[in-house]
Amino acid sequence: MSQLVNLLDFDLERLAAFCEQLGEKRFRATQLFRWIHQRGASEFDAMSDLAKSLRKKLKTTAFIRGLPVISQHASGDGTMKWLFDVGDGNAVETVFIPEDDRGTLCVSSQAGCAVGCRFCSTGHQGFSRNLSTGEIIAQLWFAEHFLRQHLGRDERVISNVVMMGMGEPLQNYGALVPALRSMLDDHGYGLSRRRVTVSTSGVVPMMDRLAQDCPVALAVSLHAPNDVLRDQLVPLNRKYPLAELLDACNRYLVHAPRDFVTLEYCMLDGVNDSIEHAQQLIALVRAHAGQGVWCKFNLIPFNPFPASGLSRSPLDRVAAFARILGDAGIVTTIRKTRGDDIDAACGQLAGDVKDRTRVVERMAQQRSVRLRPVAVTTEIKGA
């Protein structure tokens, strides 16, 4: 062990293995894990119930280091957003959203994103690299202990984590799962599987793996009721079209902590927000594979950014869309717009840090071509 390791990279199992290499028993790893994640300690000398001999070993083999904070932004509605430096001119964003009954942290998994969804600010930046497990969990580690101090609270502040920040989590699977396990571990953050959500644009094979390895709540970025339109909005749909994606949702539900999958739907003015689109969504989720999909819809008012060439659907149209789904018996919520005054849509601040020129040029070319008109029908083949 000639190189020092960052202990934020380890879930409890890996930390126990590391301690064994140092000649220590497992309970020492548990103590160390609690100091790091429950108390937010970054200095070994502060860990008073660890033997001095172990603290000495740790100083020569390991360290605990979070991500440098580039900037912090506080919204008038209580939302907080941090921009973290991950090196080489790259930055990632983390957003805390307080509610009366919960505190939700939106966490990033990649610097940039390779999926390239039309309405996503991060996608317009292109992809730099995956985050390590330590870089993922460092966002929660920093936010939880900063907020406790900032709010003057001893108890847990963050009750929910959503992997909905920058990047496609399931394209960084190897780093994601240990981070999720640290979030769930009772010696770490003790979060419920129902309160940790992975959002995916539809990486079907990895959805199946997650169901076996670490089933948490699942959200799927749907955004369109048919393959032709979704191909234009979510390019990954060309590899894993709607039928395959919804099949994977049903397989996931066998293992999921909730009895439904959340389908996210970004409301884009004149693109996917008509009455006909709502009716087609109803037919899609009711008739799929002859059994339908147990789901709820989360309608997301679009957070505009200049490079997208898209606009937010008017609120009355969003409300009408929600009523159509609700009247069909489908649980539907409208996400509150939060943090508009601090550019809370993921990627908006990070895009100012590094301009990945080739991606900007490519996306500009795409914006010069209008979305192709799509014939909308509520008829489902084979239904």
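For the chain, lysine pairs separated by 8 or more sequence positions, or belonging to different chains, with Cα-Cα distances below 28 Å total 11. If a spin label sat at a point 7 angstrom from the Cα of Gln212 along the line to its beta carbon, the backbone N atoms of the range 250-272 nearer than 18 Å would be those of 250-257. Normalised by the number of residues in the range 1-157, the average gap of Cα pairs under 8 Å and 6 or more apart makes the relative contact order 19 percent. Each of Ser121, Ser71 was scored by other Cβ atoms within 10 Å of its Cβ. Arranged with the fewest first, they read Ser71, Ser121. FRET efficiency for the pair Ser311 and Asp101, taken as 1/(1 + (r/R0)^6) with r the Cβ-Cβ distance and R0 = 56 Å, rounds to 0.95. Take each peptide in 98-104, 22-28, count the other Cβ atoms within 10 Å of every residue, and average; sorted highest first, the result is 22-28, 98-104. Taken about its Cα centre, the chain carries a charge dipole of roughly 580 debye when the Cβ of each Lys and Arg holds +1 and the Cβ of each Asp and Glu holds -1.
R0 = 41 Å: FRET efficiency of Asp88 with Glu43, Cβ-based, nearest 0.05? Calculated transfer efficiency: 0.90. Only one residue of Thr94, Ala320, Ala224 has its Cα farthest out toward the positive end of the dipole of the range 69-367, where Lys and Arg carry +1 and Asp and Glu -1 on Cβ, and that residue is Ala224. Using the Cα coordinates of the chain, the gyration tensor eigenvalues translate into equivalent-ellipsoid semi-axes of 39, 22, 19 Å, sorted from longest to shortest. Straightening the chain between Arg251 and Glu155 buys 30.9 nm, computed as 0.36 nm per residue apart minus the Cα-Cα spacing.
Between the range 14-74 and the range 204-228, how many Å separate their Cα centres? Cα centroid to Cα centroid, the span is 34 Å. The Lys296 and Lys52 beta-carbon pair, evaluated with R₀ = 51 Å, returns a calculated FRET efficiency of approximately 0.45. Between Ile70 and Arg323, the simple label model (points 7 Å from Cα in the Cβ direction) yields a spacing of 4.3 nm. Distance between the pseudo-spin-label points of Arg194 and Ser274 (7 Å out from Cα toward the beta carbon): 4.0 nm. For the chain, the relative contact order comes to 16 percent (Cα pairs under 8 Å, sequence separation of at least 6). Length gained on full extension, Lys59 to Ala289, computed as 0.36 nm times the residue gap minus the Cα-Cα distance: 77.1 nm. Couplings 3J(HN,Hα) for the range 220-225, derived from phi with the Karplus relation 6.51 cos²θ - 1.76 cosθ + 1.60 (θ = phi - 60°), are 10, 6, 8, 6, 7, x Hz, where x marks Gly and Pro.
FYI, it's all coordinate maths here, none of it is from the lab. Remember, predicted model here, so these are calculated numbers, not experimental data. Cβ atoms come from the backbone with ideal geometry, glycine included; neighbour counts cover every protein chain shown.
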